[in-house]
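Right, one structure below, let's go through it.
The values are calculated or read from the model by the stated rules, or taken from the named source; none is laboratory data. Here the structure is a predicted model, which means the values were calculated and not measured. Heads up, the Cβs are rebuilt from the backbone with ideal geometry, glycines too, and the neighbour counts pull from every protein chain shown.
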Amino acid sequence: MKIIGCLIFVVPTFVQAQQLQSYINEADKNNESIKAYEMRYNIAQEKINEVTWLPNTEFSAGYFVREPETRTGAQVAKFSAKQMLPWFGTVETRQNHASAMAEIDYVEYIIAKRKLALAVTKSYYQLYRLNAKRSVLTKNIELLKTYETLALRSIEVGKAGAVDVLLLQIRQNELQQESEILHEQILGETVNFNNLLNRDVALPIDVNTAITIPHQDPAFIDSLSLNPELLRFDKMFASVIQEELLNKKKGSPKIGFGLDYVPVQERPNMVFDDNGKDIVMPMVSVSIPIFNKQYRSVTKQNELRKQEITFQQEERLHRLESLLAKSIALRNKARISFNTQDKNLKRAKDAEQILMKNYETGTINFNDLLDIQELQLKFEVNQINAIEDYYVQSSMINYLSN
């Protein structure tokens, strides 16, 4: 059976790729939903063996209560055996139809694996965002503590007031609150991630927070023709064709072969040829569906089903095209946002340095310093969000186009 191309995710480094791919492989191996799809496919494969059946062989036996007399003697009983056989090629056609149905289950299995990989990737980068943001908050809290030390020194020489210290402490408390909330969100997302991998929910997740956006977007095939969600309709169409071939075979005559055996008693006090000779009668029968409209109706249904599948495939293609265009636009937006935040962050750090130099000359405005610090935090968080969006959308693009 043809293997459909696997999903490749864009990650910043080889190590990061190995790390994420190892989680995806673990999810493929352990996830209950994937196991269920695999069992469904195995069942479909086994049905190929099931359809080689033939109609049951019929055996019958009868005893004459009143023995009919014949010239050669009285008939005692009657034994019969009969086997009906389908028309030539019917069994092979059944196998082809079962194989076509198994192909559909296989594509469903591949789609499930790809969706699971996408879910793992999204959860992974969500954990990246939460951990990276918490790391930034920790860094900013430490920076505020440094500012608080400067403010206390300035109070001693009369260049700052107690209000400046209080404002810095309030800002630290706010950031500490955000950090604790993020910690709870990390715990919740860790449970979700581990459940996708079907393992202990308390296991820690190794997430690299030193991620950036590459200078160039990775190349991808801008085509949806190989997407399993569309290939599924091709397999469904092929299965209807096989079903129609099987329907024609079902509408063909059936041939039967049989044998009747009648034991005969010898006539007493008589001597002649064939006295008491048993009767053996081979038989051939043919079953012809002359008055059955069932097969013509099934043929019409199959034609309608092929039209339905064609419409469904076209509708799904349009939807995937829209999703692909949207993902490309969102990834481009993430790159633009990342570059903008990078420029703004550099400007904010320049402003911070200017303010710190003013402190060396004896003057410093702690309100301005707080504003700059808040802007830096905003730009860093926006940059982290842009990185997450970039890789999530890249994964979606790969899911749709590969």
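For segment 57-68, name all the residues that are within 19 Å of Lys277 (Cα to Cα) and surrounded by 12 or more Cβ atoms within 10 Å (Cβ to Cβ).
Phe64, Glu67
So the check is Cβ under 8 Å with 6+ separation or different chains; which pairs have a first residue in segment 320-346 that's closer than 27 Å to Ile111 by Cβ and in a helix (DSSP H, G or I) and a second one that's among the aromatic types (Phe, Trp, Tyr) and modelled with pLDDT of 95 or more?
Arg331/Tyr390; Ala334/Tyr390
So Tyr359 ticks every box in (1) over 30 Å from His215 (Cα atoms); (2) of a type outside the set (S, T, N, Q); (3) surrounded by fewer than 17 Cβ atoms within 10 Å (Cβ to Cβ) but one. Which box is left unticked?
So the condition that Tyr359 fails would be (3).
In segment 269-287, which residues are acidic (Asp, Glu), more than 15 Å from Val76 (Cβ to Cβ) and free of Cβ contacts under 8 Å to residues at least 60 places away in the same chain?
Initially, segment 269-287 is screened for residues acidic (Asp, Glu), giving 273-274, 278.
So of that shortlist, the ones also more than 15 Å from Val76 (Cβ to Cβ) come out as 273-274.
Hit for segment 269-287 is Asp273, nothing else.
Are any residues in segment 213-242 assigned to a loop (DSSP other than H, G, I, E, B), surrounded by fewer than 19 Cβ atoms within 10 Å (Cβ to Cβ) and touching a Lys or Arg at 6+ places or on another chain (Cβ under 8 Å), and if so, which ones?
Of everything in segment 213-242, just one residue is assigned to a loop (DSSP other than H, G, I, E, B), surrounded by fewer than 19 Cβ atoms within 10 Å (Cβ to Cβ) and touching a Lys or Arg at 6+ places or on another chain (Cβ under 8 Å), namely Asp217.
Restricting to segment 271-303, name every residue that is part of a loop (DSSP other than H, G, I, E, B) and either surrounded by 11 or more Cβ atoms within 10 Å (Cβ to Cβ) or charged (D, E, K, R) (or both). Break it down stepwise before answering.
So in segment 271-303, the residues part of a loop (DSSP other than H, G, I, E, B) come out as 271-278, 288-293.
Residues satisfying the conditions are Asp273, Asp274, Asn275, Gly276, Lys277, Asp278, Pro289, Asn292, Lys293.
How many of the residues in segment 55-83 are basic (Lys, Arg) and either closer than 18 Å to Phe257 by Cβ or in contact with a helix residue (DSSP H, G or I) (Cβ under 6 Å, 6 or more places away or on another chain) (or both)? Step through it out loud before you land on a result.
So in segment 55-83, the residues basic (Lys, Arg) come out as 66, 71, 78, 82.
Next, only the ones that are either closer than 18 Å to Phe257 by Cβ or in contact with a helix residue (DSSP H, G or I) (Cβ under 6 Å, 6 or more places away or on another chain) (or both) stay: 78, 82.
Number satisfying all stated conditions: 2.
What pairs come up if the first residue lies in segment 27-50 and is exposed (fewer than 13 other Cβ atoms within 10 Å of the Cβ), the second is in a loop (DSSP other than H, G, I, E, B), and their beta carbons are under 9 Å apart, counting only those six or more places apart or on different chains?
Here the result reads Lys29/Leu197; Lys29/Asn198; Glu32/Asn198, each pair linking segment 27-50 to a residue that is in a loop (DSSP other than H, G, I, E, B).
Taking the stated definitions as given, is Gly73 of a type outside the set (Lys, Arg), surrounded by 13 or more Cβ atoms within 10 Å (Cβ to Cβ) and touching a residue at least 12 places away in the same chain (Cβ under 8 Å)? Break it down into steps so the answer makes sense when it comes.
On the way: of a type outside the set (Lys, Arg): yes; surrounded by 13 or more Cβ atoms within 10 Å (Cβ to Cβ): yes; touching a residue at least 12 places away in the same chain (Cβ under 8 Å): yes.
The answer is yes for Gly73.
Report whether or not Leu304 is free of Cβ contacts under 8 Å to residues at least 60 places away in the same chain and touching an Asp or Glu at 6+ places or on another chain (Cβ under 7 Å).
So Leu304 does not fit the description; no.
Output yes when any residue across segment 369-387 is of a type in the set (A, V, I, L, M, F, W, C) and in contact with a Ser or Thr (Cβ under 8 Å, 6 or more places away or on another chain), and no when none is. If you could, list the steps in order and put the result at the bottom.
Of the residues in segment 369-387, the ones of a type in the set (A, V, I, L, M, F, W, C) are 369-370, 372, 375, 377, 379, 381, 384, 386-387.
From what's left, in contact with a Ser or Thr (Cβ under 8 Å, 6 or more places away or on another chain): 386-387.
Yes, segment 369-387 has at least one match.
I need every pair where a residue in segment 243-268 that is in contact (Cβ under 8 Å) with a residue 12 or more places away in the chain and surrounded by 15 or more Cβ atoms within 10 Å (Cβ to Cβ) has its Cβ under 7 Å from the Cβ of a residue that is part of a strand (DSSP E or B) and among the basic types (Lys, Arg), sequence separation at least 6 or different chains.
Once the first residue is in contact (Cβ under 8 Å) with a residue 12 or more places away in the chain and surrounded by 15 or more Cβ atoms within 10 Å (Cβ to Cβ) and sits in segment 243-268, its partners that are part of a strand (DSSP E or B) and among the basic types (Lys, Arg) give Gly256/Lys82; Gly258/Lys82; Asp260/Lys78; Val262/Lys78.
Does segment 194-210 include one or more residues that are more than 22 Å from Leu116 (Cβ to Cβ) and surrounded by fewer than 17 Cβ atoms within 10 Å (Cβ to Cβ)? If you could, list the steps in order and put the result at the bottom.
Going residue by residue through segment 194-210, those that are more than 22 Å from Leu116 (Cβ to Cβ) are 209-210.
Okay, now just the ones that are also surrounded by fewer than 17 Cβ atoms within 10 Å (Cβ to Cβ), so 209-210.
Among the residues of segment 194-210, at least one is more than 22 Å from Leu116 (Cβ to Cβ) and surrounded by fewer than 17 Cβ atoms within 10 Å (Cβ to Cβ), which makes the answer yes.
Among the residues of segment 353-362, is there at least one that is touching a helix residue (DSSP H, G or I) at 6+ places or on another chain (Cβ under 7 Å), without any contact (Cβ under 8 Å) to a residue 60 or more places away in the chain and not small (Gly, Ala, Ser)?
Filtering segment 353-362 for residues touching a helix residue (DSSP H, G or I) at 6+ places or on another chain (Cβ under 7 Å) gives 355, 359.
Subset that is without any contact (Cβ under 8 Å) to a residue 60 or more places away in the chain: 355.
Those still in the list that are not small (Gly, Ala, Ser) too: 355.
The answer is yes, given that some residue of segment 353-362 is touching a helix residue (DSSP H, G or I) at 6+ places or on another chain (Cβ under 7 Å), without any contact (Cβ under 8 Å) to a residue 60 or more places away in the chain and not small (Gly, Ala, Ser).
Scan segment 151-166 for residues that are modelled with pLDDT of 85 or more and surrounded by fewer than 18 Cβ atoms within 10 Å (Cβ to Cβ) and jot them down.
Passing the criteria: Leu152, Ala162, Val163, Leu166.
If a residue has to be modelled with pLDDT of 90 or more and farther than 28 Å from Lys254 by Cβ to count, how many in segment 46-81 make the cut?
Qualifying residue count, segment 46-81: 1.
Regarding Ile309, is this residue among the β-branched types (Val, Ile, Thr), within 26 Å of Tyr41 (Cα to Cα) and in contact (Cβ under 8 Å) with a residue 40 or more places away in the chain?
Values: among the β-branched types (Val, Ile, Thr): yes; within 26 Å of Tyr41 (Cα to Cα): yes; in contact (Cβ under 8 Å) with a residue 40 or more places away in the chain: yes.
Yes.
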